[in-house]
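Below: one structure, written as structure tokens.
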Amino acid sequence: MIFSRKRAAGRHARDERATDVPEGAEAVPAEPARGPYDVTEAPDGVQRLDLGSLQIPAVPDVEVRVQADQQGVIQQVVLVHGQSALQLGVFAAPRSEGIWNEVREEIRQSLFKDGAAAQEVAGEYGPELHARVRTEDGLTDLRFVGVDGPRWMVRAVYQGEAATNPAAAGPLAQCLDGLVVDRGGEAKPVREPLPLRLPREAGEAGEQAGQPDQAAADAASTPGAR
């Protein structure tokens with residue numbers, strides 16, 4: 001199933017300078033310079049595809065491919081642009097601390113057991129993993145990125161040129177920067193995937209064929225995601 005959005009959306013500026021507050025004035029918390037955003041902090045006026053716990057910004061020439069069961073529960077979300085893909089997952093996390101450091105180590109160990117070495121590299125969001133795995137189509141490069149938020153963690157897996165050259169991520173990185181997470185108030189076990197659902201327009205558009213890339217699908221089954 002494929003959804004496409006054609007509205008332009010600018011990449012968030014990374015301006016982390018403190019805003020001067022006049023003496024005696026009450027400081028107002030600044031809007032985060034970039035996402036993924038918690039739903040309570042997300043900028044207004046942005047067109048997004050609402051998948052429940054994840055809201056994906058509309059970016060030109062990016063296809064949103066989802067795989068769902070018969071009940072409309074989404075199992076996988078993959079964004080595609082050119083020869084690159086970005087798989088997205090969102091998971092429950094504790095209130096007190098992030099879980100990406102722990103999850104990243106588990107992904108590394110799992111890859112090692114499968115005969116793939118993973119290298120830790122400093123990325124825009126902090127430490128990420130770069131790995132080359134063997135699939136039915138041959139060797140495939142993957143880049144694992146994690147973002148800890150308030151009681152949630154987003155895991156993003158780049159595939160294709162964007163996996164080896166972050167500068168080539170372009171519109172896919174723009175989607176990650178503008179991503180919105182709606183955690184909800186319900187208590188959930190740590191690492192449990194947050195619920196995703198098909199948007200209303202899925203029923204109106206009818207069923208269409210569309211499968212995520214296999215390497216991205218394999219990444220979804222990597223231990224450490226739950």
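Derivation of every value follows stated rules applied to the coordinates shown; laboratory data play no part. Because the structure is a prediction, the values reported are computed rather than measured. When we count neighbours, we look across all protein chains shown, and the Cβ atoms used for this are built from the backbone with ideal geometry, even at glycine.
Here are the numbers for the structure shown:
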quantity: Relative pair counts by distance (%), Cα atoms of segment 51-199, 10 Å bins; calculated: 11, 40, 39, 11, 0
quantity: Computed magnitude of the charge dipole of segment 51-199 (debye, nearest 20; Cβ of K, R +1, Cβ of D, E -1); calculated: 300 debye
quantity: Cβ-based net charge around Val180, under 10 Å, with every Lys or Arg adding one and every Asp or Glu removing one; calculated: -3
